[in-house]
1. Looking at the structure I just gave you, is Tyr133 in contact with a helix residue (DSSP H, G or I) (Cβ under 7 Å, 6 or more places away or on another chain), open to solvent by 50 Å² or more (accessible area, probe 1.4 Å) and assigned to a helix (DSSP H, G or I)?
2. Within the stretch 91-114, does at least one residue satisfy the condition of being modelled with pLDDT of 95 or more, under 11 Å from the mean Cα position of the chain (by Cα) and in a helix (DSSP H, G or I)?
3. Would you mind telling me which numbered condition in (1) touching a helix residue (DSSP H, G or I) at 6+ places or on another chain (Cβ under 9 Å); (2) of a type in the set (Asp, Glu); (3) open to solvent by 50 Å² or more (accessible area, probe 1.4 Å) Asp150 fails?
4. Say we look at the stretch 88-130 and pick out the residues that are of a type in the set (D, E, K, R) and closer than 24 Å to Leu10 by Cβ; which of these is least open to solvent (accessible area, probe 1.4 Å)?
5. Which of the residues spanning the stretch 1-14 are more than 19 Å from the chain's Cα centre (by Cα) and either closer than 21 Å to Glu66 by Cβ or among the polar types (S, T, N, Q) (or both)?
6. Read through the list (1) surrounded by 14 or more Cβ atoms within 10 Å (Cβ to Cβ); (2) not in a loop (DSSP other than H, G, I, E, B), then give the number of the only condition that Cys77 fails.
7. Condition check: free of Cβ contacts under 8 Å to residues at least 24 places away in the same chain and either in contact with a helix residue (DSSP H, G or I) (Cβ under 7 Å, 6 or more places away or on another chain) or not β-branched (Val, Ile, Thr) (or both). Does Asn94 satisfy that?
8. In the stretch 1-52, what count of residues is obtained for those that are under 25 Å from His100 (Cβ atoms), touching a residue at least 60 places away in the same chain (Cβ under 8 Å), part of a loop (DSSP other than H, G, I, E, B) and open to solvent by less than 100 Å² (accessible area, probe 1.4 Å)?
Amino acid sequence: MKKIRIQFLLFVYDKTQKLYRKYFKKKKRQWQFNEKQLLEFQEDSLGRKLGEFYKKHGFTMIPKMENHDVHHLITGCGTNFEDEIAMQFLLLGNGKLNAHLLAAVVLGSIILPEYYRMYIKAYKKGQNMRPFYHWDFEALLWQNFEHLKDFIQQKNTVVIH
């Protein structure tokens, strides 16, 4: 039964993601790097980690959706369907809000309710992170991945005077 529910969600995603890119990402341009070029970045950089992510999972970059894949790296959310929905909850908690995200959250909650605890945990995690959903990660590909991840995951930095 779960397999059928996931197939339905995949069908909906497939039909809506092109519309999402067309209408919600029309001002964005696709990145100037491909998967192979990302693997040429310095070993500890965000660019290199993203290239390794694509290679490990056998993924290719989807134009105008590259930041989504960085979100997987930054948040530690997996790539199976319930993890994808959890990441949308995390982004909602982080402050992102649009029709596509809300549809994913609502449909995911209705069709895969057995993961609701995981979704709530992800939402709270997003609330406790610095807002990053709107960042242009292409400009940060050269940055040290661990430092960037640590910075985002520390909402309130302690400042000693």
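The values are calculated or read from the model by the stated rules, or taken from the named source; none is laboratory data. The model shown is predicted, which means the values in this text are computed figures rather than measured ones. Backbone-built Cβ (ideal geometry, glycine too); neighbour counts: all protein chains shown. Side chains are part of the model used for accessible areas, which takes the heavy atoms of the whole protein and leaves out ligands, DNA and RNA. Shrake-Rupley method; radii C 1.70, N 1.55, O 1.52, S 1.80 Å.
1. Criteria not met by Tyr133.
2. Yes - at least one qualifying residue is present in the stretch 91-114.
3. Here Asp150 clears every test but (1).
4. Lys96
5. Scanning the stretch 1-14 gives a single hit, Gln7.
6. It fails just one condition, (2).
7. Considered against the rule, which asks whether it is free of Cβ contacts under 8 Å to residues at least 24 places away in the same chain and either in contact with a helix residue (DSSP H, G or I) (Cβ under 7 Å, 6 or more places away or on another chain) or not β-branched (Val, Ile, Thr) (or both), Asn94 comes out as no.
8. Counting residues in the stretch 1-52 that are under 25 Å from His100 (Cβ atoms), touching a residue at least 60 places away in the same chain (Cβ under 8 Å), part of a loop (DSSP other than H, G, I, E, B) and open to solvent by less than 100 Å² (accessible area, probe 1.4 Å) gives 2.
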